[in-house]
């Protein structure tokens, strides 16, 4: 299987509203087919799925949102970008676009959001794929929430004083992206950077995401509550993690025991962005999983 060219087909661009924010999503057409929602991770954007979409758009109605504070969606004013905010936005999109019941493929932060939604609305999700989803990292069980709020305040002040980094050329931007993920090809890094950045008035380039998304939440969802949501999921779940991915992914640290209908796959020679690093293998794995009960 060769990597598809994401520039060969063009999705339509749309907006919807959630918490008074204008949020952006792409619709890849094929509206009469079964819906497939793709949710990106932190500091990514909807166009990070372009290569992946090409293998699924013929059989599914693919919808891909930009999370709040990311891509071409509005930045939240006064928000802490808590998990529940992201879940609310996804619930609004699914409700407004009448996408349920649906299938979801998610990455990183998107995996956490998708599993929370799947537990809250178990009858809405048929199949759920989680690629390197954020799991129960150290400190998630911490009961000292006051320190979490203090950390959030201090971090917010630091971010307020932070100057947005500017890159003199788009080439410099994608070189930085390539540095962050050396598994990317030059073509991938260029394409991702073009959609991840805006050109400033002075001709330089800056990333689209809101710097305040870097701040930790003032009050994390208690681990027991998150586990309860995982246990409430009725959908079949496929977890894909990379051997060279980040630590503490969903499916690791004993969290695999909280899912009723679980398949797990580990992919070699890939980092955190498994669907970029090993596109063909991820597409084949997800295709086989979805085809098992494709209607």
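The values are calculated or read from the model by the stated rules, or taken from the named source; none is laboratory data. Everything numeric in this text was worked out from a predicted model, so none of it was measured. Every residue, glycine as well, gets a Cβ built from its backbone with ideal geometry; the counts of neighbours run over all protein chains shown.
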Inset, instruction - Looking for whichever is under 27 Å from residue 225 (Cα atoms) and surrounded by fewer than 23 Cβ atoms within 10 Å (Cβ to Cβ) here; the options are 83, 67. Which one fits? - result: 83
Legend entry - Residues of the range 174-198 satisfying the condition of being outside any helix (DSSP H, G or I), more than 17 Å from the chain's Cα centre (by Cα) and farther than 15 Å from residue 71 by Cβ: 182, 183, 184, 185
Legend entry - Among the residues listed as 129, 164, the single one being closer than 24 Å to residue 66 by Cα, touching a helix residue (DSSP H, G or I) at 6+ places or on another chain (Cβ under 7 Å) and at pLDDT below 95: 164
Legend entry - Enumeration of residues in the range 231-259 that are in contact with a strand residue (DSSP E or B) (Cβ under 8 Å, 6 or more places away or on another chain) and closer than 18 Å to residue 122 by Cβ: 233, 234, 235, 236, 237, 238, 239, 250, 259
Inset, instruction - Could you please let me know if residue 157 is exposed (fewer than 15 other Cβ atoms within 10 Å of the Cβ), at pLDDT 90 or above, outside any strand (DSSP E or B) and out of contact with any strand residue (DSSP E or B) (no Cβ under 6 Å at 6 or more places or on another chain)? - result: yes
Inset, instruction - Write out, first by first residue and then by second, each pair whose Cβ atoms fall under 8 Å of each other, whose residues are 6+ apart or on separate chains, and whose first residue, in the range 22-34, is at negative phi and surrounded by 17 or more Cβ atoms within 10 Å (Cβ to Cβ) while the second is modelled with pLDDT under 95 and part of a loop (DSSP other than H, G, I, E, B). - result: 28/9; 34/294; 34/295
Inset, instruction - Collect the residues in the range 206-238 that are over 30 Å from residue 174 (Cβ atoms) and within 17 Å of the chain's Cα centre (by Cα), keeping them in residue-number order. - result: 237, 238
Inset, instruction - Being surrounded by fewer than 20 Cβ atoms within 10 Å (Cβ to Cβ) and touching a residue at least 24 places away in the same chain (Cβ under 8 Å) is the filter here, so list the residues in the range 256-269 that pass it. - result: 260, 261, 262, 263, 264, 265, 266, 268, 269
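Let's see how each residue does on (1) under 18 Å from residue 240 (Cβ atoms); (2) touching a strand residue (DSSP E or B) at 6+ places or on another chain (Cβ under 9 Å); (3) at pLDDT 95 or above:
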site: 17; (1), (2), (3): no, yes, yes
site: 38; (1), (2), (3): yes, yes, yes
site: 48; (1), (2), (3): yes, yes, yes
site: 61; (1), (2), (3): no, yes, yes
site: 67; (1), (2), (3): no, yes, yes
site: 89; (1), (2), (3): no, yes, yes
site: 118; (1), (2), (3): yes, yes, yes
site: 122; (1), (2), (3): no, no, yes
Legend entry - Condition check for residue 73: crowded, with 21+ Cβ neighbours inside 10 Å, part of a helix (DSSP H, G or I) and modelled with pLDDT of 95 or more: no
Legend entry - Selected residue (criterion: farthest from residue 30 (Cα to Cα)) from residues of the range 43-66 that are in a loop (DSSP other than H, G, I, E, B) and under 12 Å from the mean Cα position of the chain (by Cα): 43
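Here is a yes/no grid of residues against (1) in contact (Cβ under 8 Å) with a residue 40 or more places away in the chain; (2) closer than 22 Å to residue 29 by Cβ:
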residue: 68; (1), (2): yes, no
residue: 95; (1), (2): no, yes
residue: 121; (1), (2): no, no
residue: 133; (1), (2): yes, no
residue: 149; (1), (2): yes, no
residue: 152; (1), (2): yes, no
residue: 161; (1), (2): no, no
Inset, instruction - Taking only the range 260-283 into account, find how many residues are over 22 Å from residue 121 (Cβ atoms), touching a strand residue (DSSP E or B) at 6+ places or on another chain (Cβ under 7 Å) and in a loop (DSSP other than H, G, I, E, B). - result: 4
